[in-house]
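Visitor: Here it is: the structure, laid out below.
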Amino acid sequence: GNAHQSLAEATIPVGIETHLHRHLRSEELYHVTAGSGRMTLGDEVFPVSEGDTVCIPAGTPHRIANTGSAPLRLLCCCSPAYRHDDTELL
């Protein structure tokens, strides 16, 4: 029922990468709580690890891959709140 923001926890198994996607209206934050991986943010690709936070502007293609040896855990915060119809797979 949240309208202005949402918070979810995601776990990405070792060797798995999420689908490249974008949110048309929502800005999103990824905050890594455990593990390490590789973030794709628009044309940039860079490593992430525990304690890192990435701001994903609305409309920016992104994905994250677990390149470590343990599950990659992150908090995902969207504003306005996450909606399936705001997500476009690329």
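Read the figures in this text as sums done on the coordinates, not as results from a lab. None of the values given here were measured: they were computed from a predicted structure. Here the Cβ positions follow ideal geometry from the backbone for every residue, glycine too, while neighbour counts run over all protein chains shown.
Visitor: Just to be sure I understand: with springs between alpha-carbon atoms less than 10 Å apart, which residue in 44, 27, 17 has the highest mean-square fluctuation in the Gaussian network model of the chain?
Guide: Comparing 44, 27, 17 in a Gaussian network model of the chain, the most mobile one is 44.
Visitor: What residues have an amide H closer than 5 Å to that of residue 60, excluding those fewer than 5 places away on the same chain, when H is modeled at 1.01 Å from N in the peptide plane?
Guide: It is 23, by chain and number.
Visitor: Pulled fully out, how much extra length does the chain show between residue 70 and residue 2, if you take 0.36 nm times their separation in residues and subtract their Cα-Cα distance?
Guide: 21.3 nm
Visitor: Out of 67, 18, 53, any idea which swings most in a Gaussian network model of the chain, alpha carbons joined below 10 Å?
Guide: Of 67, 18, 53, the most mobile in the Gaussian network model is 18.
Visitor: Another one. Which value in nm describes the separation of the simple spin-label points at residue 84 and residue 16, placed 7 Å from the Cα toward the beta carbon?
Guide: Those two pseudo-labels are separated by 1.8 nm.
Visitor: Any idea what the relative contact order of the chain is, in percent, if you count C-alpha pairs under 8 Å spaced at least 6 apart?
Guide: Reported as a whole number, the value is 47 percent.
Visitor: Next question. From the residues 74, 58, 14, which one has its Cα farthest along the dipole of the chain in the positive direction, the dipole being from +1 and -1 charges on Cβ of Lys/Arg and Asp/Glu about the Cα centre?
Guide: 14
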